[in-house]
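Novice: This structure is in structure tokens; I'll ask about it shortly.
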Amino acid sequence: MAGHRFDPSILREYDVRGVVGKTITEEDAYHLGRAFGTVLAGDAGSDGGSVALGRDGRVSSPGIAGAVARGLADCGLEVREIGVGPTPMLYYAGATLGVTGAVMVTGSHNPPDHNGFKLVRGGRSFFGSDIQGLAEIATDGAYADGNGERRKTEVFDDYIQRIARDYDGGKGLKVAWDAGNGAAGEAMSALSERLPGRHILLNAEIDGTFPNHHPDPTVPDNLAQLIQTVLDEGCDLGVAFDGDGDRLGAVDSQGRILWGDQLLLRLARDVLRESPGAKIIADVKSSQILFDGVEAAGGEPVMWKTGHSLIKTKMHEEGAPLAGEMSAHIFFADRYYGYDDALYAAVRLIGAIDRSGESLAAFRDSLPDLLNTPELRFPCAEDRKFAVIDEVRQRLSESDAEVVAIDGVRVRTEDGWWLLRASNTQDVLVARCEAKDEAGLKRLAAELTRQLEESGVEAPDL
């Protein structure tokens with residue numbers, strides 16, 4: 001078969017993603033199915049092989065899912081089509097159906113005109129150089145050939161029942177839920193019906209145009225409706241999900257947002273009650289409060305690289321029961337499968353709060369009051385971003401600075417810490433600072449700015 005070239009911008013570190021009709025088309029989807037199907041067919045050998053396929057609620061997803069299904073089937077694979085739902089439902093299918101791999105058609109939390117794919121091979125994330133390898137297979141047209149079948153496979157009810165099974169709270173709380181019209185909407189509705197307490201649902205209808213607000217719970221403006229509902233209805237807490245249901249947002253009864261690292265600490269305390277001494281993994285962008293809090297709770301904190309695929313891989317290597325990212329991906333291997341499932345994390349959070357009697361607001365009040373910048377992202381050319389990190393790392397190595405260099409540089413001082421890393425997916429550098437007080441924050445920001453300027457990079461407004 002003639003070769004096919006993908007727009008190189010869609011082949012990202014952790015997934016394949018682009019603008020529909022511009023950088024990603026149904027033809028691209030077909031050839032991605034052929035390329036990934038070739039990899040899976042090679043894994044399966046003479047036994048054939050099967051692949052689970054799911055999609056989110058975007059307008060473009062049915063056509064793209066159909067195209068990738070044809071590509072997979074033309075490699076001789078049996079395609080198990082599970083329909084519309086959150087990405088974790090696809091992961092669940094991959095973990096329980098005995099398939100060789102899994103493909104999720106989703107634009108995640110990106111704008112409505114974006115779409116793409118998240119890939120799983122042999123129960124593990126397919127990312128990095130593996131994704132780049134798909135381009136080589138497609139360019140050469142070196143595809144496996146076969147006559148695979150497509151068949152619909154229902155997993156929705158089993159998935160919801162599996163999540164609900166791990167609720168271990170009491171009589172239940174009053175909870176507001178916001179799916180943001182994303183792919184988790186139907187699952188959110190079905191799940192909340194199986195839980196005790198009172199539940200108020202927002203934007204549960206799956207609508208790929210996202211008419212009410214964008215589904216990204218890490219952006220405060222997107223939580224405004226949830227916050228108002230929690231305050232108006234007197235809820236114990238509110239939870240929110242991103243476009244494909246693998247990231248969790250939460251607000252307490254006072255309408256205060258709890259970020260990914262704060263939620264991870266609350267969940268870690270609960271996991272460590274049953275698994276004292278366990279490793280809890282978090283990315284380098286997470287607050288020092290988390291790492292110190294895990295240690296204080298009797299766990300072993302592990303700092304690791306940012307990126308959901310990287311975290312999942314590290315989690316498997318370390319045998320950790322729980323991991324998370326500042327970006328609100330939370331991964332449970334404790335009683336679960338080790339992937340990021342925001343609906344499951346929400347159930348564990350609600351259960352822990354209900355069972356303990358400590359409200360989410362009380363937990364928030366118990367945390368040290370530190371000052372920090374948001375995650376700052378600013379332009380840096382592709383051919384310079386990693387070089388800048390290397391230059392900063394070299395200068396710091398010649399000083400007495402306390403540096404963690406597993407992903408960029410995270411520098412700890414008496415004031416707190418600052419981080420500088422290169423994005424794996426965009427032409428940007430990422431920075432963050434955290435300090436005990438305003439004066440300390442200014443000193444950290446000044447040092448970060450100085451390092452950037454020495455490498456010829458214009459610093460962001462810190």
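The values are calculated or read from the model by the stated rules, or taken from the named source; none is laboratory data. Bear in mind the structure is a predicted one, so any value in this text is a computation, not a measurement. A quick note on method: Cβ atoms are made from the backbone with ideal geometry, for glycine too, and the neighbour counts reach across all protein chains shown. All accessible areas refer to the heavy atoms of the entire protein, side chains included, with ligands and DNA or RNA removed. Shrake-Rupley method; radii C 1.70, N 1.55, O 1.52, S 1.80 Å.
Novice: So what J values fall out for the stretch 262-272 if you push phi through Karplus, 6.51 cos²θ - 1.76 cosθ + 1.60 with θ = phi - 60°, rounded to Hz, Gly and Pro as x?
Specialist: Those phi angles translate into 5, 5, 4, 5, 4, 5, 4, 4, 6, 5, 6 Hz.
Novice: Using a 1.4 Å probe over the heavy atoms of the protein chains, calculate the carbon and sulfur portion of the accessible area of the chain as a whole percent.
Specialist: Working: 8210 of 17890 Å².
Answer for the chain: carbon and sulfur cover 46 percent of the accessible area.
Novice: Turning to a different aspect of this structure: Which of the peptides 412-422, 355-365, 188-198, 102-112 is most tightly packed, and how do the rest follow, going by the mean number of other Cβ atoms within 10 Å of each residue?
Specialist: Highest mean packing first, the order is 102-112, 412-422, 188-198, 355-365.
Novice: What is the total of Lys pairs in the chain with C-alpha atoms under 17 Å apart, excluding same-chain pairs fewer than 8 positions apart?
Specialist: Qualifying lysine pairs in the chain: 10.
Novice: Rounded to the nearest Å, what's the spacing between the alpha carbon centres of the stretch 137-202 and the stretch 417-456? Just the number, please.
Specialist: 38
Novice: Once a ≥ b ≥ c are taken as the square roots of the eigenvalues of the Cα gyration tensor of the stretch 1-86, is the result rounded (a/c under 1.5), prolate (a/b larger than b/c) or oblate (a/b not larger than b/c)?
Specialist: Values: a/c = 1.89, a/b = 1.27, b/c = 1.48.
Verdict is oblate for the stretch 1-86.
Novice: Could you tell me which of rounded, prolate or oblate describes the chain, using a ≥ b ≥ c as the square roots of the eigenvalues of the alpha-carbon gyration tensor, with rounded for a/c under 1.5 and, failing that, prolate when a/b is larger than b/c and oblate otherwise?
Specialist: Because a/c hits 1.5 or more and a/b fails to exceed b/c, the chain counts as oblate.
Novice: Using Cα-Cα distances under 8 Å and only pairs 6 or more residues apart, what relative contact order does the chain have, in percent?
Specialist: Values: 1034 pairs, mean separation 55.9, N = 462.
Contact order relative to length: 12 percent.
Novice: Now, a different point. First measure r as the distance between the Cβ atoms of Ser397 and Ser366, then evaluate 1/(1 + (r/R0)^6) with R0 = 35 Å and state the FRET efficiency to the nearest 0.05.
Specialist: 0.40
Novice: A further question on this structure: Taking the full set of protein chains and a 1.4 angstrom probe, give the accessible area of Phe241 in square angstrom, rounded to the nearest 10.
Specialist: In the full protein context, Phe241 sits at about 10 Å².
Novice: May I pose another question? What residues have an amide H closer than 5 Å to that of Val284, excluding those fewer than 5 places away on the same chain, when H is modeled at 1.01 Å from N in the peptide plane?
Specialist: Trp304, Thr306
Novice: Using the Cα atoms as the points, what is the convex hull volume per residue of the stretch 328-462 in Å³?
Specialist: In the stretch 328-462, the Cα hull volume divided by residue count equals 147 Å³.
Novice: Moving on. At what distance in nm do the modelled label points of Val219 and Val302 sit from each other, each positioned 7 Å from its Cα along Cα→Cβ?
Specialist: 3.3
Novice: Counting DSSP beta bridges with both partners in the chain, what percentage is antiparallel, nearest 5?
Specialist: On the way: 43 of 76 bridges.
Once the DSSP bridges in the chain are tallied, antiparallel ones form about 55 percent.
Novice: Where does each of Lys314, Lys152, Lys305 land when they are ordered by accessible area, with a 1.4 Å probe and the largest first?
Specialist: Lys152, Lys305, Lys314
Novice: Please give the per residue accessible area of the stretch 1-77, computed with a probe of 1.4 Å over protein heavy atoms only, in Å².
Specialist: 36
Novice: Compute the accessible area per residue over the stretch 166-209, keeping the other protein chains in place, probe 1.4 Å, unit Å².
Specialist: 37
Novice: Rounded, prolate or oblate for the stretch 260-352? Axes are the square roots of the Cα gyration tensor eigenvalues, ordered a ≥ b ≥ c, and the cut-off for rounded is a/c under 1.5.
Specialist: Verdict is rounded for the stretch 260-352.
Novice: Just grab the label-to-label distance for Glu295 and Met1, each label 7 Å out from Cα along the Cβ direction, in nm (one decimal).
Specialist: Taking the two extended label points, one gets 5.4 nm.
Novice: Need the full-extension length gain, Leu231 to Asp158, defined as separation in residues times 0.36 nm minus the C-alpha distance. One decimal, nm. Don't jump to the answer; show the numbers that get you there.
Specialist: Details: separation 73, 0.36 × 73 = 26.28 nm, distance 3.37 nm.
Between Leu231 and Asp158, full extension yields an extra 22.9 nm.
Novice: Taking the highest mean first, how do the peptides 451-460, 85-94 order by number of other beta carbon atoms within 10 angstrom per residue?
Specialist: Taking the mean over residues of other Cβ atoms within 10 Å, the ranking is 85-94, 451-460.
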